[in-house]
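Student: Can you keep this structure in mind? I'll have questions shortly.
Please treat every number below as a calculation from the coordinates, not as lab data. Nothing here was measured: the structure is a model prediction, and the numbers come from that model. Cβ sites come from the backbone with ideal geometry, for glycine too, and all protein chains shown count toward neighbours.
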Amino acid sequence: MIVPYTHVILLASLLFLTGMICTVLRRNLIMLLLGLEIMLNAAAVAFVGAGLHLQQIEGQAAALFILAVAAAEVAVGLALIVCIYRQTGTLDPECIESDVCELE
Amino acid sequence: MQLHSAQFPVLSLILLVCLAGLAAVVLLPAEKKQAVKYVSTVCSAVTLGLSVYVFVAYDRALGGMQFVEHLQWAPSLGVSYINGVDGFSVPLLLLTGIVFFTGVLTMWEHDLRVKEFFAMFILLVTGVFGMFMALDLFFLFVWYDVSLFPMYLLIVIWGSTNREYGALKLTLFLLAGSALILPGIVYLVAESGMGTFSLPALVNNADFSPFAQKLAFFLFYVGFGILAGVWPFHTWSPAGHVAAPTAVSMLHAGVLMKIGAFGILRVGMFLCPEGWAFWAPVMALLATIGIVYGALAGLRQTDLKFVIGYSSVSHMGVVGLGLAAMTVDGVNGAVFQMFAHGVMTALFFSAVGYIYDKTHERKFANLGGLSHVMPVAGGYFILAALTGIGVPCLASFWAELLVLLAAFDVYPVYGAVAVSALAINALFILRVVEKTCFGPVNPKWEHLPDVSFGLGMPRLVLAGVIVIFGIMPFLMYETIQSASMLLISGLP
Amino acid sequence: MPGASVISETWLWAGWAAAAAPFAAFVLILFLLRRRPGAAAAVSLAAVATSMVFALCLLVCCVDMETPLRSVVTWMISGDTVISAGVHLDGLSLLMLAVVCGICLLVQVYSLGYMAGDPGFARYYAFMSLFAGAMIFLVLAPGLVQLYIFWELVGLSSYLLIGFWFEKFSASRAGKKAFVMTRLGDVAFLAGLLLLLVRGGVMDIAALSNGAAGLSSGMITVSAVLIFGGVIGKSAQFPLMTWLPDAMEGPTPVSALLHSATMVAAGVFLIARMFPFFSQSDAAMTFLLAVGTVSMLMSATMAMVSRDIKQVWAYSTISQLGFMLMALAAGGYFAGVFHLFTHAGFKALLFLCAGMLIHAFHSNDMFVIGQGGARGLKIPMLCMAVGAAALSGIWPFSGFASKEAVLATLVSLENPAWLIAGLAGVFLTAYYTFRLVFIIVFPAGRGQTRAEDPARGVAYAYGAMAWPVILLAFATLVLGFLAAPIRHWLAAGAGAHEAVHGPAWLAPLSLGLVFAAIAVAWVEFGRKNASQTGFVERVRVVAELFARRWYLDDIWGWAVSRLLDRGAAEACRQADNRVIDGFVHSLAGAAVASGRVLARGHRVMIQARLMIMFAVVFGLTCIMLIWG
């Protein structure tokens, strides 16, 4: 393995952190979704790296799974966002929540 | 458990036909209602034909699991795709085929969201078929849940009286059951240490400790028992019956409740015979209470469907009592009762469905004289009622006879109590017949049409099945016997 | 001998065919001939005539049969339990077969007239065929389970026929009452049968009778008493008797066939069939004797005050069935069975005559019929007189011979109370019978001009109704003299040595009682200026008691509505709604409430929540790293 395992994990953590910050701080649903995607990809990178490191194929299988899930999630998520935008005219989660997010 | 491989995968074919029908219905445009109905009818007719073929082709002398298909599916998880039928599941496959076919025909005049309705309906039936033939615990559980979920939508969208309540209650009760079954399965699989979900492998090779068997059987009994309408977990069933549309009630009371009893039999009794023996007295007690209680509660109902719902509770108690007896007679009677009760309630609900479609009235105090207005529809209703009472030469009689015989043998007191419930049963069912079909004609209903030939067809099929197996019970018993002998002789 | 076996084979086939023909007719009418009443009646009559021919052939050919013939096929096997079906031909079953077929045939011919023009004509014949088939299979049953099955089926056809005019509330209600009350008895029967099957393992009546089952005597008593429950229900004995008078809501031919001559006699037949078995238990037989006696006397008193002609015959049916049970319970096998046969004849006769009167005058009330001029109708009145004489037990009519045999068996008992009860029954029988006859023949306002022509309402189909009646009257005359051959035929069964004639004082005594009763009835109802009130009706409390059927109906009604409906059933319903559903609802309510409470802590913006989540996960990871 040319790239050391630690580097891969480091990259994954950095990616994850980026995604996390993006998710937590941005006030736009699309960016929020983007952040989620980045976090998923971080997990995928970690899986591939760990799979190589441990010489097991399951890591790559899991990465493939994650890709599929991420694709599905984007599809559904974007569709929802479009819907929400049409209904409320805004993409700010705080605005939306104050109207909608009432349990019961 | 002996396995006999299939020459030809007829069981998978049944599932495939269902799935193909489902796909066809989903792909058809929603406006083509007639086409959707034809596709569903063809699909159900083919599955009925295949299940009749399985019933006839099943080798009674050979016994054991036949038509077995075995495919590796996820070896690392120990899950494989195994299908097979024995003397217990063959009658139930036949029952499912019959109720599917007649249910589709019963809904011929149905007009609301036809495509979605039939898609859900076929999905539900697919799950039921899968459950009856699955020999892998994982698949069994998956099919079981597949057969539960469409129920919610079917009732909420197409139901009547109090449908949100009925559907929610039903779903929550049944999911609570699932929540007990899944841990039971996982626990047993882990306990076996064999890492496989294959039922034959577990039955033949696993050696469960008595404690594990008792615990797991309890989980299965309560979990599946909720679906089987075991007292005191039965209250979802009348509420659900009342809310559901006709064909769904037919399927629900006719087949779904049998899934519960079948689950107890297939998973609980095959895997945990010692647990069965341990819990049998409790089962017998609850079943006897259910028999009497269902009949008594039925006496005070005013809604036709509630009455049938409670009579189902009573009749499913007979199944429970038969299983609790742990004798060949008891198990034979219980399985036959599953079949007979399935056909009987299907006929009952389809007759009531017809009456409701025409009158939009289910309080039987407001009906009356219907035999005069619609003699054929009334005739089917009366036939179903008589079957429910246990009149000889109609299918239920033989089942009740054997179950009571077994109960007298093993639990004489419960047997005596259950026998006396027959009189109450007769009283409350005949009361309904009197109020609905007899008496002076209510002028409001004077001009209602009788069942047309097309709509009469499904009822005729059901009535025919009741009478045929009532006059020739040996047709059914030889099949069931081939399995129950093996099960009982294998008991410790 | 191959020849003999071929012949017996033929007889057995004849037995099967006799039973199957009406069933075939039932199916045929139900599916094909519902809208063709003429064809339906023809098919039904042809079927029952076929059965009749077979029955007569069998009777003639099998007279000297030494051992019973039987053919048995397996109906169902489950484990060790074998349920079989078959035909069993011996003296009792063949005689009973002939009686059943004969009366079925006559009643069906009669119905051609009585039911003419009814919209449900085809349905009527379908149900009649169902009844005939079920009854024949019942009579021929070799095993107890088969007997039970067809026992239930005749109950079913009775339900359907009582409620034949189901548009009338009273009719459908009476049908339900009949079914449920007999069901109550049948539950006991089924319990006894299952007990026998479980403990003894055999269902064959012959095997049970010769003690092959190896049952203990206690078990025999218990199961016998339970089986008597079925008899009490079906033969309308105390305390399940009140369904029978209500069953008169059905068409009169149905009352004649099912509710007097054949179906209700099935209970007596069952006792006779299993006579050797029941004889093993003295306690059970004493119980039966008591039940028979009580029913006999009670229903006789009810008959004394009724105004409804059919009700009187219904009460008298219960009473006569009580007589038969008394005879059987006292060990008089021949007496009981013989009384069954003669009673079948004369009671069918009485009912059919009553039917002709009702058909003509459109009323069940005997006073109305009398005032309408019933004495002008010669055939029914003459035949009714013959029937009444037989019912009262006057020589030379058939009832005399059989009643004497019954009393003779009662004489042989140690306790004279039974004999006294029997004689009291004879007196009451004659009294209520001739009360009815005198009321009809000598109506109160006679001598005044009768406004209407007696043949007023007589239907065009009078002939179809008259011939069966005349034939039955003839049979009533003849049957009394056939005691000896019938006894010979039955001799293969038990009780070959019992007394047929009592001591010399018995016949004069009973005849004296009969004539005394007739005299009382004449004084009260027959003579000119008679008050037309019976001695019972003068005491209001007693009359009320008898008219209300000893309050039996009220007791049953109270039990059903209070104990069952508003008691147990309501309790179950409330338990369902309050306890079980209440628990479930409170569970659901708790879930929702706790959800609400927890939700309060979540009313923060989603990103803040995410931040908290990440922080927690991070913190947990750190903790695990440090601890791990």
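Student: Using only atoms on other chains, find how many Cβ atoms lie within 10 Å of each Cβ of peptide B:414-423 and report the average.
Tutor: If you average over the peptide's residues, the count of other-chain Cβ atoms is 4.
Student: Please identify the longest segment of chain B free of exposed GluC sites (Glu not before Pro), where exposed means a DSSP state other than H, G, I, E or B and no more than 14 other Cβ atoms within 10 Å.
Tutor: B:32-445
Student: If you restrict to DSSP beta bridges whose two residues both lie in chain B, what percentage is antiparallel, to the nearest 5?
Tutor: Counting DSSP beta bridges with both partners in chain B, the antiparallel share is about 80 percent.
Student: Determine the shielding of peptide B:398-404 by partner chains: average, over its residues, the number of Cβ atoms on other chains within 10 angstrom of each Cβ.
Tutor: Mean partner-chain Cβ count within 10 Å for B:398-404: 4.
Student: Where does helix C:121-140 land angle-wise versus the long Cα axis of chain C, in degrees 0 to 90, nearest 10?
Tutor: Taking the Cα atoms of chain C, the angle to C:121-140 is about 90 degrees.
Student: Identify the trypsin sites (Lys or Arg not before Pro) of region C:15-113 meeting these criteria: DSSP loop state and at most 14 other C-beta atoms within 10 Å of the C-beta.
Tutor: Filter output for region C:15-113: C:Arg35.
Student: Now a separate question. Where in region A:14-47 does the amide nitrogen come within less than 16 Å of the point 7 Å from the Cα of A:Val74, taken along Cα to Cβ?
Tutor: Residues passing the 16 Å test: A:19, A:30-45.
Student: Okay, moving on. What net charge do the residues around B:Met65 carry, taking every other residue with its C-beta under 15 Å from that of B:Met65, with Lys and Arg at +1 and Asp and Glu at -1?
Tutor: Charge balance in the 15 Å sphere: -2.
Student: So which DSSP H runs in chain A come out at 15 Å plus along the axis (Cα) with average Kyte-Doolittle of at least 0.5?
Tutor: Qualifying helices: A:5-25, A:29-54, A:58-88.
Student: Please give the net charge around C:Tyr315, taking every other residue with its beta carbon less than 14 angstrom from that of C:Tyr315, where Lys and Arg add +1 and Asp and Glu add -1.
Tutor: The answer is +3.
Student: Where in region B:376-402 is the amide nitrogen less than 20 Å from a point lying 7 Å along the Cα-to-Cβ axis of B:Asp357?
Tutor: B:376-385
Student: Same structure again: Taking K and R as +1 and D and E as -1, what net charge do the other residues with C-beta under 14 Å from the C-beta of B:Val156 add up to?
Tutor: So the environment of B:Val156 carries a net charge of +1.
Student: Separate question: Sequence-distant or interchain residues sharing an amide H contact under 5 Å with C:Met76, placed H: which?
Tutor: Those lying under 5 Å, H to H, from C:Met76 are C:Ile83.
Student: From the cross-link list C:Lys176/C:Lys403; B:Lys169/B:Lys214; C:Lys234/C:Lys347, which pairs have alpha carbons spaced over 26 Å apart?
Tutor: Check vs 26 Å cut-off fails for C:Lys176/C:Lys403; B:Lys169/B:Lys214.
Student: Given points 7 Å out from each Cα along the Cα-Cβ axis, report the C:Trp627 to C:His488 separation in nanometres with one decimal.
Tutor: If labels sit at C:Trp627 and C:His488, their model points lie 10.4 nm apart.
Student: Just the number, please: percent antiparallel of the DSSP beta bridges in the protein assembly as shown, rounded to the nearest 5.
Tutor: In the protein assembly as shown, DSSP labels about 85 percent of beta bridges as antiparallel.
Student: Shifting gears a bit: List the trypsin sites (Lys or Arg not before Pro) in region B:1-45 that DSSP assigns to loop (not H, G, I, E or B) and whose Cβ has at most 11 other Cβ atoms within 10 Å. Which are they?
Tutor: Listed in order of number, the matching sites amount to none.
Student: Sticking with this structure for a sec: Please report the relative contact order for chain B, taking Cα pairs under 8 Å with a sequence separation of at least 6, and give it as a percent rounded to a whole number.
Tutor: Relative contact order comes out at 16 percent.
Student: Sticking with this structure for a sec: Using label points projected 7 Å from each Cα along Cα→Cβ, tell me how many nm separate B:Val56 and C:Ile7, to one decimal.
Tutor: Result for the modelled spin labels: 4.5 nm.
Student: Still on this structure, I have one more. Can you work out the FRET efficiency for the pair B:Ala30 and A:Val82, with r the C-beta to C-beta distance and R0 = 35 Å, to the nearest 0.05?
Tutor: 0.90
Student: Go ahead and run the numbers for FRET between B:Leu475 and C:Leu509, Cβ-Cβ distance against an R0 of 56 Å, rounding to 0.05.
Tutor: In this case the efficiency is close to 0.35.
Student: Can you give the relative contact order of chain C as a percent, counting alpha carbon pairs under 8 Å and 6+ residues apart?
Tutor: Averaging sequence separation for qualifying contacts and normalising by length gives 12 percent for chain C.
Student: Next question. How far is it, in nm, from the label point at C:Ala571 to the one at B:His447 when both lie 7 Å from their Cα along the line to the Cβ?
Tutor: Simple spin-label model gives 5.0 nm for this pair.
Student: Using the Cα atoms of the protein assembly as shown to build a convex hull, what is its mean projected area in square nanometres?
Tutor: Taking a quarter of the hull surface, the average projection is 56.0 nm².
Student: Between region C:11-89 and region C:182-216, what is the separation of their alpha carbon centroids in Å?
Tutor: Computed from Cα coordinates, the inter-centre distance equals 25 Å.
Student: Across peptide C:150-163, what mean number of C-beta atoms from other chains lies inside 10 Å of a residue's C-beta?
Tutor: Mean shielding by partner chains, rounded to a whole number: 3.
Student: When a footprinting reagent is the concern and you count Cβ atoms within 10 Å, what order do B:Arg60, C:Arg173 take, fewest first?
Tutor: In increasing order of surrounding Cβ atoms, one gets B:Arg60, C:Arg173.
Student: Under 18 Å from a point 7 Å along the Cα-to-Cβ line of A:Leu14: which residues of region A:41-58 have their amide N that close?
Tutor: It comes to A:41-50, nothing else.
Student: Relative to the first principal axis of the alpha-carbon coordinates of chain C, what is the inclination of helix C:462-479, with its axis defined by its Cα atoms, in degrees from 0 to 90 and to the nearest 10?
Tutor: 70 degrees
Student: Here's a follow-up. For region A:12-28 and region C:296-330, compute the distance between their C-alpha centroids and round to whole Å.
Tutor: 98 Å
Student: Report the Cα centroid-to-centroid distance between region B:295-365 and region B:186-246 in angstrom, as an integer.
Tutor: Taking the Cα centre of region B:186-246 as reference, the centre of region B:295-365 is 23 Å away.
Student: Nearest 0.05, what FRET efficiency do C:Val73 and C:Val478 give at R0 = 35 Å with Cβ-Cβ as r?
Tutor: That pair, C:Val73 with C:Val478, gives E of 0.40.
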